[in-house]
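Report on one structure; see the data block that follows.
The values are calculated or read from the model by the stated rules, or taken from the named source; none is laboratory data. Note that the coordinates shown come from a computational prediction; the quantities given were computed from them, not determined experimentally. No Cβ is skipped: glycine too gets one built from the backbone with ideal geometry, and neighbour counts run over all protein chains shown. SASA here: full protein model, heavy atoms, side chains in, ligands and nucleic acids out. Shrake-Rupley method; radii C 1.70, N 1.55, O 1.52, S 1.80 Å.
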Amino acid sequence: MKTEALWYLGERSIELRKMEIPEPKAHEVLVEMEICGMCSWDVLAFAGKFGKFHPYPFAAGHEGVGRVIKVGDNVASIKVGQRVACHEVPIGTLGGALMARHAIRTEDKVTVIPENPIPLKYWVVEPVVCIVNGLVYAGIQPGDSVALVGAGYMGLIFAQGLAKTLAREVVAFDVDEKRLSLAREFGVTRTVKIEGDAIPEDYRKHFDVIIETAGKPSSMQLALAVAKTGAIIENFAWHHHMHEFDLDAWHINAWRILNIQPGVNPHFGDLFQRTIDLMIGGTFSNERLITHWAPVEQAKEIFATALERRDGYMKGAILFS
């Protein structure tokens, strides 16, 4: 069938292209997309810096939600009309891109979102699943002291979840006071505004668990500096740079430094239903965190806003009529 999808063409070049996708096979569903979040790697792709990971051009989007409009003959658990969150599939998969009017998924690669009062514009699910995955691997024990390094979009979703754990304290670090204020509203114990590359002396070797979401060399230095002996350090952010650290310190301090992304968890897809339930129950919310929306026809404008980090941008989403 014919549809349209956004394609990354290179630096600051994106285009809505007509394309063909197949009819759903026996175990597949056809989804009419409603909304797709803009990930940091989407912005990287728009900036023209994704070529080392996948050659241009390629179709965009992996944080999509939509309504099922057709099901294959052997689909048992999904019905036409249900809203679903689509799971990510490899770039280049036919019908896989989610900044598109339609997408194809196998039955096990969508998760039903029950009818609920949350507005559609906040139903970006996949990044919240990533946060739940990060919490699973953080191994937070009752009474732990937790550092959250970075209070951007992902960091503030983390703040919402960390506030529900049995941690003794959750301390958020960031350079932006407005974002730290949101972190306090979401339930962290206290916040610390970072000035330059300074390491707050009161917090050196202080934390049992450190979750680093800022993706900067200085934020990783901070994460290492505030880690106790035996600490878990989650490298959650995608760092686009080389980084050196002292292997003696890693060994002597018995740090467990974890790369947290979907591929580390063979059961990542199982977290979608749990995450959706938590979103409906109010543990996680995108309200106040998704700051910009645009119809697919105006995608270039919102991508430019995201790349330049202007107009209070924190998280964006593409809408489909």
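Observations, loosely collected:
- If you go through the stretch 298-321 and pick out every residue that is open to solvent by 50 Å² or more (accessible area, probe 1.4 Å), touching a strand residue (DSSP E or B) at 6+ places or on another chain (Cβ under 8 Å) and either within 19 Å of residue 179 (Cα to Cα) or modelled with pLDDT under 95 (or both), you end up with 2.
- Residue count for the stretch 171-215 under the criterion of being open to solvent by less than 10 Å² (accessible area, probe 1.4 Å), more than 25 Å from residue 313 (Cα to Cα) and free of Cβ contacts under 8 Å to residues at least 60 places away in the same chain: the result is 0.
- Per this entry, residue 103 is counted among residues that are closer than 29 Å to residue 314 by Cα, at pLDDT 95 or above and either of a type outside the set (D, E, K, R) or exposed (fewer than 14 other Cβ atoms within 10 Å of the Cβ) (or both).
- Within the stretch 66-82, one or more residues are crowded, with 24+ Cβ neighbours inside 10 Å and part of a strand (DSSP E or B).
- Residue 55 vs. criteria more than 22 Å from residue 125 (Cβ to Cβ) and without any contact (Cβ under 8 Å) to a residue 24 or more places away in the chain: yes
- Exactly one residue among 205, 216 is of a type in the set (Lys, Arg) and either at pLDDT below 95 or touching a Phe, Trp or Tyr at 6+ places or on another chain (Cβ under 7 Å) (or both), and that residue is 216.
- Every condition in (1) open to solvent by 60 Å² or more (accessible area, probe 1.4 Å); (2) free of Cβ contacts under 8 Å to residues at least 40 places away in the same chain holds for residue 13 except the one numbered (1).
- The one condition from (1) surrounded by 17 or more Cβ atoms within 10 Å (Cβ to Cβ); (2) among the acidic types (Asp, Glu); (3) over 19 Å from residue 307 (Cβ atoms) that residue 42 does not meet is (3).
- Sub-9 Å Cβ pairs linking a first residue in the stretch 224-245 that is at positive phi to a second residue that is in a loop (DSSP other than H, G, I, E, B) and surrounded by fewer than 23 Cβ atoms within 10 Å (Cβ to Cβ), at least 6 apart or interchain, are 230/253; 230/254; 230/255, ordered by first then second residue.
- Counted as qualifying within the stretch 217-294 are the helices (runs of 4 or more DSSP H) with 1 or more residues that are surrounded by fewer than 17 Cβ atoms within 10 Å (Cβ to Cβ), charged (D, E, K, R) and within 22 Å of the chain's Cα centre (by Cα), namely 271-281.
- Test: residue 32 is modelled with pLDDT of 95 or more, open to solvent by 40 Å² or more (accessible area, probe 1.4 Å) and either more than 17 Å from residue 319 (Cα to Cα) or assigned to a loop (DSSP other than H, G, I, E, B) (or both): no
- From 151, 138, residue being touching a residue at least 40 places away in the same chain (Cβ under 8 Å), crowded, with 20+ Cβ neighbours inside 10 Å, of a type in the set (A, V, I, L, M, F, W, C) and under 20 Å from residue 38 (Cβ atoms): 151
- Complete set of residues in the stretch 169-195 that are among the aliphatic types (A, V, I, L, M) and within 22 Å of the chain's Cα centre (by Cα): 170, 171, 172, 175, 180, 182, 183, 188
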